[in-house]
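Notes for the one structure printed next.
The values are calculated or read from the model by the stated rules, or taken from the named source; none is laboratory data. A quick note: this is a predicted structure, and the numbers were derived from the prediction, not measured. Don't worry about glycine lacking a Cβ; one is built from the backbone with ideal geometry, like all the others, and counts go over all protein chains shown. With ligands, DNA and RNA removed, areas are computed over all heavy atoms of the protein, side chains included. Shrake-Rupley method; radii C 1.70, N 1.55, O 1.52, S 1.80 Å.
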Amino acid sequence: MLGAGASLSRLLRRYPPQFLQKRLLRGGRLRVREALSAQPQGCDVRVQGWVRSVRSQKEVLFLDINDGTSLQNLQVVADPKLESRDLCFGSSVDVQGKLVKSHHRKQNVELQAEDIRVVGSCDSIAFPFKLKERHAADYVRQFPHLRCKTNRFSSLLRIRSEATAAIHSYFQDNGYVHIHTPVISSNDCEGAGELFQVETPSKPSEPGGNSHFFDVPAFLTVSGQLHLEVVAGAFSRVFTFGPTFRAENSQSRRHLAEFYMVEAEISFTESIQDIMQEMENLFKVATAAILSRCHEDVELFHKYVAPGHKDKLDHMLKNKFVIMSYSEAIEVLKKAPEVFSFKPEVAAVDLLVPEVGELYGGSLREERLHILQSRLDRLGLLDTYQWYLELRQFGTVPHGGFGMGFERYLQCILGVDNIKDVIPFPRFSHSCLL
C-alpha cells in the first residue's frame, strides 16, 4: 500500500512512472516539492499550503503557495472569480486543479486552479512579517511561534532536519550503534557545576515526602559521555544525539541553556589521532550530504545572510584540518598581547573553527583503575562513582570519544552569527519563550 507520507522520490524508486501518473490522474494530493518535480500532464491534483503572495489582475489571479517542503513556491493561476476576502498573504488554502506546464521560464509547472478553499484566514495587517520585507534576525527572534513562516527560518529548519539525518547516516554507515542516553542524570559529566537540578513536587504529609523523588540529587544532563562509556564496554562504537543543558548565566551569541549534542565513543583505541580523524570525517561527510540535499536552502544563507561564507566552507571541505600540538599552541599564545594560563597537557583535542570557536571536544579516557581510584578518593567521590570504577574492573579497554555542538555546527556551515537563530525555540538566561 502507498502511505500518505510517501515522497515523490521514493515513489519513483519503488514504482514505475506509469504508477505515479495513474496516481496523478486520480486527483492525488501532492506536496509542493512533489508538484514542482512532477512532469505536468494536465492531471487533477490537490495541493495544500500557505499563501506567500497574491497578485490579482483583471483577467487572472496569481497565488504563490508553500507548504514547507521547498524553498521554491508553487504558482497557482486562477479565475479572479475564485478570489475571496480571506485569500491573502499568510492564509492557509486547499487548492484543486490541473498541474500543467508553465509558460514562465523560471518554473516548470503551475497549478491551474478550479477550486480554492481558504482553510484559515490571516490578518495581514497584524501579522508581524510583511510581504517582500527582509526582517532583521533580532526582530524575527521576538516571534518564536511565527518565525517558521519566514523564508530564512523555514530553510534553516529543513537544513536542520537534513543535517540530523546526515549525521545519523554517517554513524550507521560506519558501524556505530545509536544509544538513547538519559536526559535526567545523577552525574556531573563536565564537572563544571553549571547544572539544572530537577525539582519534583513533594507531599510533606506523606512518609518520605521531603526526600528526593529519585532518592539522590538529579539534574538535566550536560553530556551523554558517561552513559556512552557504559555501553562502550560491550559495543565497540556507539553514539548519541540529543538535548543537553547548561545553567550558564550567559546571553552571548555562542551560548544556549538548552542545545543538542552529537557524541560518540570508540573502544579499542589508544590514539588521539583516531579520534581527530573521526571528527574530521563526520564534519566533511555530513556537510557534503547537506550541500547536496539542501542546495537551495544553503544557498539562501550563503547569498543573503553570510556573503562570502561559501568560500570559507569550501576551503574547510577541500583541505585537511590543521593540527597544532598543545606546546605549539602555547608558543603562539605567549606572543599574544593577552595573558593566558596553561594547564598540564592531556590526551585531549578541541576543534576550533573561525567565528564560532570550539566546535568539537574529544579525548582518550582514563582506563587505569588505580589512577581513577586515587583521583576519586581525593575528591570524596568513591561511593558515588563506584559503578564507573567497576567498568574498569570487568573487561575494560582503551577508549575515547568526542562531542560536537549541533547548533554550533549549523552556525559553522551556514555562517549564522547568533546561535539563537539556528534552533527552533532558543532557551538562554532570562528567556524561555513558549
Practice task
Kindly state which helices (runs of 4 or more DSSP H) lie completely within the stretch 282-357 and contain at least 3 residues that are among the hydrophobic types (A, V, I, L, M, F, W, C) and modelled with pLDDT of 95 or more.
Solution key: 309-318
Practice task
Answer with yes or no whether residue 256 is outside any strand (DSSP E or B), of a type in the set (A, V, I, L, M, F, W, C) and touching a Cys at 6+ places or on another chain (Cβ under 7 Å).
Solution key: no
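In the stretch 41-58, what count of residues is obtained for those that are open to solvent by 30 Å² or more (accessible area, probe 1.4 Å) and either within 26 Å of the chain's Cα centre (by Cα) or touching a residue at least 24 places away in the same chain (Cβ under 8 Å) (or both)? Step through it out loud before you land on a result.
To start, the set of residues in the stretch 41-58 that are open to solvent by 30 Å² or more (accessible area, probe 1.4 Å) comprises 41-42, 44, 46, 48, 50, 52, 54-58.
Checking which are either within 26 Å of the chain's Cα centre (by Cα) or touching a residue at least 24 places away in the same chain (Cβ under 8 Å) (or both) leaves us with 41-42, 44, 46, 48, 50, 52, 54, 56.
So the count comes out to 9.
Mind listing just one residue for me: the one in the stretch 208-258 that is of a type in the set (Val, Ile, Thr) and open to solvent by 50 Å² or more (accessible area, probe 1.4 Å) and, of those, farthest from residue 404 (Cα to Cα)? Reasoning before the result, please.
Looking only at the stretch 208-258, we keep the residues that are of a type in the set (Val, Ile, Thr), and these are 216, 221-222, 230-231, 238, 240, 244.
Applying the additional criterion that residues be open to solvent by 50 Å² or more (accessible area, probe 1.4 Å) yields 216, 230.
On the way: 216: 29, 230: 20 Å.
Among them, the one singled out is 216.
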Practice task
From 106, 132, grab the single residue that is closer than 20 Å to residue 33 by Cα, of a type outside the set (Asp, Glu) and at pLDDT below 95.
Solution key: 106
